[in-house]
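Note sheet for the following structure.
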Amino acid sequence: MANEDSALREVDQELAEDRQTAMFRKYGPAALAAGVSLVLAVGGWQFWNAHTISVAKEKALEFSNAIDLMTEDADQGRTALGPIAEDGASGYAILAELQRASSYARDGDRAAAIGVYRQIYENNSAPKRIRDLARLRASYAALNDGRDAVMVHLGDLPNEGGAFSYHAAEVSGLAALEARDYETALSIFRRLSIDLGAPEAVRTRAEDFAALADAGKAGVNITGESRVDEILKAIGAAPAVADAASPVVDDAPETDADAGAQDDAGANEAAADASALQAGPETETENE
């Protein structure tokens, strides 16, 4: 009986070994390949991650050196930022472009600064927040070019409700103020001054700009340009009713006809003064 049990166990063990061998032959190569692939994938990911970190460190160091160089020489700094800016796949490329544009703006080269900002906000691969920032800075730089130029750069930014919408509305108000559209400027700045969602600094400036627009709307000269009525007041020869919208003084050179007219007027005044002096004693005698 014991021998039969032992024989049965041996048979069962041999059958189990045969099943395991058959299963390994069937699924073993696939399992081995999967294991090898997993090891290679993990190794490849670690290698790529290490390579990415190394490249990022190199770009960071290159960018930092260019910024340091820009503080010493703006032209050389912008030249050093050029290769970084050309690498569109790197986040430092956009930062380099922003730094170049800011450098141009600091040097007073508004056209170059606006050109770089335009390239940034027209680059759809750049993050939207960066593109909005470029729009805002381009609009600031274009304030001297007129309201139309400012609004082209702003686009729909004042009405989008994004992170820079309040600042964009402020720039649009400044453009209206520069265009002497005081009604529009006053409306924009009053709205900003009471909007609790706007940054505190924007609300504070909006109150000052609203007061300035209100004064301009009332006819006060807020542009700093000389007007005819103000000059006449200064010399004590203001007309009885001053026109608040008097034109700016024309600084055109004096013509010969104008000079002759002034000479004739001076001669007439001199003759009148001489006649008055001659008639003075006679008048006193008649009074006596």
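Structural remarks
- Test result for Ala85, buried (at least 18 other Cβ atoms within 10 Å of the Cβ), farther than 29 Å from Leu174 by Cβ and without any contact (Cβ under 8 Å) to a residue 60 or more places away in the chain: yes
Residue-by-condition table, conditions (1) more than 28 Å from Asp181 (Cβ to Cβ); (2) in contact with a Ser or Thr (Cβ under 9 Å, 6 or more places away or on another chain); (3) not hydroxyl-bearing (Ser, Thr, Tyr):
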position	(1), (2), (3)
Met70	yes, yes, yes
Asp87	yes, no, yes
Ala113	no, yes, yes
Ile120	yes, no, yes
Gly146	no, no, yes
Met151	no, yes, yes
Asp156	no, no, yes
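- Checked against the criterion of being more than 23 Å from Ala141 (Cα to Cα), surrounded by 14 or more Cβ atoms within 10 Å (Cβ to Cβ) and without any contact (Cβ under 8 Å) to a residue 24 or more places away in the chain, the candidates Ala80, Ala34 yield just one match: Ala80.
- Residue list for region 182-201, filter: surrounded by fewer than 18 Cβ atoms within 10 Å (Cβ to Cβ) and either in contact (Cβ under 8 Å) with a residue 24 or more places away in the chain or hydroxyl-bearing (Ser, Thr, Tyr) (or both): Glu183, Thr184, Ser187, Asp195, Gly197, Pro199
- Boolean, Tyr166 is surrounded by fewer than 21 Cβ atoms within 10 Å (Cβ to Cβ) and either closer than 19 Å to Arg191 by Cα or in contact (Cβ under 8 Å) with a residue 24 or more places away in the chain (or both): yes
- Selection of region 38-77 for residues being modelled with pLDDT of 80 or more, hydroxyl-bearing (Ser, Thr, Tyr) and surrounded by 10 or more Cβ atoms within 10 Å (Cβ to Cβ) yields only Ser64.
- Number of the condition not met by Ala210 [criteria: (1) at pLDDT 85 or above; (2) closer than 20 Å to Asp148 by Cβ; (3) not aromatic (Phe, Trp, Tyr)]: (2)
- Within region 133-155, the only residue that satisfies the criterion of being closer than 20 Å to Ala206 by Cα and without any contact (Cβ under 8 Å) to a residue 24 or more places away in the chain is Leu154.
- All positions within region 110-139 that are part of a helix (DSSP H, G or I) and small (Gly, Ala, Ser): Ala111, Ala112, Ala113, Gly115, Ala134, Ala138, Ser139
The values are calculated or read from the model by the stated rules, or taken from the named source; none is laboratory data. Since we're looking at a predicted model, the values are computed, not measured. Glycine gets a Cβ as well: all are built from the backbone with ideal geometry, and neighbour counts include every protein chain shown.
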